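Below you'll find the structure, written out as structure tokens, and then a few comments.
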Amino acid sequence: MPFVAPGFVPAPAPWWRSAVFYQVYPRSFADSDGDGVGDLRGLRDKLGYLELLGVDALWICPVMRSPMADGGYDVADPRDIDPLFGGLRALDDLIDEAHDREMRVTMDLVPNHTSDQHRWFRAALAAAPGSPERARYWFRDGRGPDGGVPPNNWPSIFGGPAWTRVTEADGRPGQWYLHIFAPEQPDLNWDNPEVAQDFEHTVRFWLQRGIDGFRIDVAHGMAKPAGLPDMELQQRPVDDSHLVVHDDNDPRFNNPGVHEIHRRLRKLMDEFPNAVAIGEVWVDDNTRFGDYVRPDELHLAFNFRLAETPFHPDRIRDAVDNSLHAVAAVGASATWTLSNHDVEREVTRYGGGAVGQARARAMIMLELALPGSVFIYNGAELGLPNVDDLPEAVLQDPTWVRSGYTERGRDGCRVPLPWEGEQPPFAFTSGASWLPVPASWSAVTVEKQLERLDSMLSLYRMAIELRAVRPEFGGPGLEWYGSPPGCLAFRRDGGLLCVLNATNAVITLPAGEVLLASAPISARKLPANATAWLV
Ligand code: GLC
């Protein structure tokens, strides 16, 4: 028992420890001006929908000024909102209205790289080798007699080398610059104090405008190893996402210097007591992952284990255990997500069709039963599948071009949401949507799903509400229960029992009142591919 002083009243847990976040991919959520691309006014118009869904907070993918070479993750001005999304005023209005509805607003920040159209990078191109302008990025001479070989062998995450050669002012081929992602996303040199200062300026700028926190893009990036050594190259499976495949010894990521960057960020964040910083951290090792959420670093870090896990009970249990262990050692809390804008949608990952739907229903209930914060990717609440047959001509993910047209990339999970009506684009836009919406989605529009109690959307609404109001979801821990082969059962400290049936047959539920189930239950029988909550 820890010592507790008499009269000690524990501080309430910060809001983000148990919040349900809704991830908005703004290009695909709702368009207010008919240009075919979603925007912040479109999002504001749908806040009533998000309130109905019951989420506590939004995470908005990048909306800063950008030429959109990587859907906005190529930022040309980190302290302005792109006109495509409605400019600064649209963000201010969104924050105000969300706050009126008691919803918090967090946004993406992209500190690892800028756009090649950022004024710093343009100045670097115009300046000479060795200049202070070039020292904000990673410019290096090439190898080989004429400098024609890249400075090291690192590949870019989107395919091809991580270096691009520039033409110098005299017209001759010159130095190379590093871009771990697309060539339009040059990596910043975080050894240069100017880079950290500018980032702090950006963080303060948004917090002072009322933003409640940030999702930090590539939070395991930024720091680079001294001398930029070559890496061991591995053959990777072609159909895997590049973001997922790099391992823990990859010199492009997870270098020790990154933790000092997060400590400085945390000091600044602490001036804004309710604000949260959530890192995108693709690090597999539990201890090294946990390092990112030590008390003086990030508040939360994305754990992608569930998003990578197939519908298999042992794998799911491992993912849950590992995620909990990784944060418990440093006193942090867990995050859970089944999908996001970079990975295949869960309905498809679980097998697609009716089985994929049933499993996705089961998994959102399992996820919402876990202690920690939950991130829902827009469209998951409608049970949208990946769209894997988009015409090649419309593909926009840089992966498509950079892989030499062998990997389609992530557009299939970014197709605009169907809101209402019978014809594409289902009121997403009054114009032509930036990616085509499948005609078959007429059956799964928000309008139709709101009317049906057995829809995915209704399940999400009921589950989120129960999680918010029932005391049985309380407490930081869980305990696994004995369960038949192919099933999982755990009990929360507060008393909730969550039972997942991942077999192909019905199982009998243990004693207790059924609060909610992802599939109809009769005579205490839980169907295959389903989850039930009992108290
Ligand atoms: C992150 C984002 C991804 C983006 C990449 C480069 O992984 O989630 O969408 O392409 O960073 O910024």
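The values are calculated or read from the model by the stated rules, or taken from the named source; none is laboratory data. Keep in mind that what you see is a predicted model, and the values were worked out from it rather than measured. A quick note on method: Cβ atoms are made from the backbone with ideal geometry, for glycine too, and the neighbour counts reach across all protein chains shown. Heavy atoms of the whole protein, side chains included, go into the accessibility calculation; ligands, DNA and RNA do not. Shrake-Rupley method; radii C 1.70, N 1.55, O 1.52, S 1.80 Å.
A few points about this structure:
- Screening the range 196-223 for residues that are within 16 Å of the ligand (Cβ to nearest atom) and not in a loop (DSSP other than H, G, I, E, B) and picking the one that is farthest from PHE21 (Cα to Cα) gives PHE199.
- With respect to (1) of a type in the set (A, V, I, L, M, F, W, C); (2) in a loop (DSSP other than H, G, I, E, B); (3) assigned by TED's automatic domain parsing to the domain that holds ARG266, the lone exception for ALA169 is condition (3).
- Filtering the range 394-426 to residues that are within 22 Å of GLY34 (Cα to Cα), in contact with a Ser or Thr (Cβ under 8 Å, 6 or more places away or on another chain), assigned to a loop (DSSP other than H, G, I, E, B) and not acidic (Asp, Glu) leaves ARG414, VAL415, PRO416, LEU417, PRO418, TRP419, GLY421, GLN423, PRO424, PRO425, PHE426.
- For the residues GLY147, GLY159, the requirement of being among the small types (Gly, Ala, Ser) and either crowded, with 22+ Cβ neighbours inside 10 Å or within 16 Å of the ligand (Cβ to nearest atom) (or both) singles out GLY159.
- Against the numbered list (1) surrounded by 19 or more Cβ atoms within 10 Å (Cβ to Cβ); (2) in contact with a helix residue (DSSP H, G or I) (Cβ under 8 Å, 6 or more places away or on another chain); (3) not aliphatic (A, V, I, L, M), CYS413 comes up short only at (2).
- Single condition ARG305 does not satisfy, out of (1) within 19 Å of the chain's Cα centre (by Cα); (2) open to solvent by 10 Å² or more (accessible area, probe 1.4 Å); (3) closer than 30 Å to ARG209 by Cβ: (3)
- Hey, ARG79 in contact with a Phe, Trp or Tyr (Cβ under 7 Å, 6 or more places away or on another chain), open to solvent by 40 Å² or more (accessible area, probe 1.4 Å) and assigned by TED's automatic domain parsing to the domain that holds LEU300 or not: yes
- Test result for SER32, in contact with a helix residue (DSSP H, G or I) (Cβ under 6 Å, 6 or more places away or on another chain), polar (S, T, N, Q) and open to solvent by 50 Å² or more (accessible area, probe 1.4 Å): yes
- Residue within the range 125-135 that is of a type in the set (Gly, Ala, Ser), over 32 Å from the mean Cα position of the chain (by Cα) and surrounded by 15 or more Cβ atoms within 10 Å (Cβ to Cβ) present: yes
- Residues within the range 279-300 that are of a type in the set (Asp, Glu) and either within 16 Å of the ligand (Cβ to nearest atom) or farther than 18 Å from PRO251 by Cβ (or both), tallied: 4
- Odd one out for VAL469 among (1) of a type in the set (A, V, I, L, M); (2) in the same structural domain as ALA360 (by TED's automatic domain parsing); (3) open to solvent by 30 Å² or more (accessible area, probe 1.4 Å): (2)
- Complete set of residues in the range 381-410 that are closer than 27 Å to GLU51 by Cα, surrounded by fewer than 24 Cβ atoms within 10 Å (Cβ to Cβ) and of a type outside the set (A, V, I, L, M): GLY383, ASN386
- Within the range 319-359, the residues that satisfy the criterion of being within 16 Å of the ligand (Cβ to nearest atom), surrounded by fewer than 23 Cβ atoms within 10 Å (Cβ to Cβ) and not acidic (Asp, Glu) are THR337, HIS341, VAL343.
- Filter result for GLN396 (within 16 Å of the ligand (Cβ to nearest atom), among the polar types (S, T, N, Q) and at pLDDT 95 or above): yes
- A single member of VAL506, VAL535, VAL514 is among the β-branched types (Val, Ile, Thr) and touching a residue at least 24 places away in the same chain (Cβ under 8 Å), and it is VAL535.
- Residue match in the range 364-380 (condition: open to solvent by 40 Å² or more (accessible area, probe 1.4 Å) and of a type in the set (D, E, K, R)): no
- When each of ALA182, ALA223, ALA219 is tested for being in contact with a strand residue (DSSP E or B) (Cβ under 8 Å, 6 or more places away or on another chain) and under 30 Å from TRP400 (Cβ atoms), the lone residue that passes is ALA219.
- Conditions (1) open to solvent by 10 Å² or more (accessible area, probe 1.4 Å); (2) under 28 Å from the mean Cα position of the chain (by Cα); (3) of a type in the set (Val, Ile, Thr); number of the one not met by THR445: (1)
- Residues of the range 472-491 that are open to solvent by 70 Å² or more (accessible area, probe 1.4 Å) and among the hydroxyl-bearing types (Ser, Thr, Tyr): TYR481 alone.
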